[in-house]
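A quick write-up on the structure given underneath.
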Amino acid sequence: MARKKMKILVSAGPTREYIDPIRFISNPSSGKMGYLIAEYAKKIGHDVILVSGPTHLKPLEGVKLLKVETAKQMQNEILKNFPKVDILIMAAAVSDWKPYRKFKTKIKRKKQWLLKLVPNPDILKSVSKIKKENQKIVGFALETDNILKNAKKKLKEKKLDLIIGNTPNFFGEGKKSDVFFIFNDGKVLKFKIKKEELPPKIFEAIF
Ligand code: C5P
């Protein structure tokens with residue numbers, strides 16, 4: 001059966017939050033999950049926009065790539081593009097904090113100093129405020145403990161249609177691990193799958 005062609009916005013990769021012109025705080029996200037989702041969405045015939053933090057991955061053919069570094073830049077691109085899409089899949093590992101200011105020049109070596117961090121904007125929370133009835137939002141929750149409880153809390157707080165709960169076992173490729181799909185009507189599905197097997201499951205779940 002032919003599916004309706006949709007516009008899909010996907011985020012991927014880490015963000016970088018600069019301390020000075022040279023140093024930043026970040027995380028080891030490879031961006032692979034978001035790129036796999038974007039690639040699959042394109043393959044099944046959708047229009048795809050990929051907002052990507054810094055990764056070593058090759059741009060995907062036929063996918064519009066918007067490169068960003070900081071969470072603020074990612075938020076700007078997502079908020080700008082969200083109104084024209086049907087679905088947002090937020091697979092980026094957004095840094096929860098950023099340095100309270102970016103120093104203009106390279107900070108000189110010193111024995112000890114305190115770096116003050118302030119929270120970054122929650123991109124999904126800001127998107128949920130402009131969400132229309134016919135749009136869907138999918139988020140991820142990487143949890144080290146109480147996966148279902150924590151993921152359900154995030155689903156509610158960020159007003160998502162679906163949250164995909166996983167654990168650090170999901171890092172890397174080629175390894176099967178437990179993945180939970182938690183829907184906003186309370187339904188929960190559990191899979192033991194590899195990262196590469198996830199994109200078709202997401203599209204089956206949201207259509
Ligand atoms: O970091 P956290 O576990 O809250 O991430 C859950 C979901 O929220 C993910 O889909 C992530 O991309 C998104 N997120 C966000 N803005 C942040 C932090 C996370 O949109 N500042």
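Values for this structure:
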| quantity | calculated |
| --- | --- |
| Calculated over the range 48-137: convex hull of Cα atoms, volume per residue (Å³) | 127 Å³ |
| Cβ-placed point charges (K, R +1; D, E -1), dipole of the chain about Cα centre in debye, nearest 20 | 780 debye |
| Sulfur and carbon atoms: percent of accessible area, the chain [1.4 Å] | 52 percent |
| Gyration tensor over alpha-carbon atoms, the range 119-175, equivalent ellipsoid semi-axes in Å | 23, 13, 11 |
| Isotropic mean projected area of the C-alpha convex hull, the range 129-207 (nm²) | 5.3 nm² |
| Shape box of the range 90-159 [Cα atoms, principal axes, largest first, Å] | 52, 30, 16 |
| On Cα atoms only, tilt of 71-81 relative to the major axis of the chain in degrees | 40 degrees |
| Among His56, Val68, Met6 - extreme Cα towards positive end, dipole of the range 3-108, charges at beta-carbon | Val68 |
| Relative contact order, percent, the chain [alpha-carbon distance under 8 Å, six or more residues apart] | 18 percent |
| Per residue, in Å², the accessible surface of the chain once ligands and nucleic acids are set aside, probe 1.4 Å | 58 Å² |
| Kirkwood estimate for the chain, i.e. one over the average of 1/r between Cα atoms, Å | 17.8 Å |
| Potential lengthening between Lys5 and Lys153 on full extension [0.36 nm per residue; Cα-Cα distance subtracted] | 50.1 nm |
| Protection proxy ranking, peptides 186-198, 45-57, average beta carbon neighbours within 10 Å, highest first | 45-57, 186-198 |
| Nearest-ten-degree value, helix 147-157 long axis tilted from longest Cα axis of the chain | 90 degrees |
| Degrees between helix 32-43 axis and first principal axis of the chain (Cα, 0 to 90, nearest 10) | 40 degrees |
| Pair Arg109, Lys67: separation of 7 Å Cα→Cβ label points (nm) | 3.2 nm |
| Cβ-placed point charges (K, R +1; D, E -1), dipole of the range 70-186 about Cα centre in debye, nearest 20 | 1160 debye |
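The values are calculated or read from the model by the stated rules, or taken from the named source; none is laboratory data. Being a predicted model, the structure only gives us computed values, none of them experimental. In this analysis, Cβ positions are derived from the backbone assuming ideal geometry, glycine residues included, and neighbour counts consider all displayed protein chains. Remember, those area values only see protein heavy atoms, side chains included, never the ligands or the DNA or RNA. Shrake-Rupley method; radii C 1.70, N 1.55, O 1.52, S 1.80 Å.
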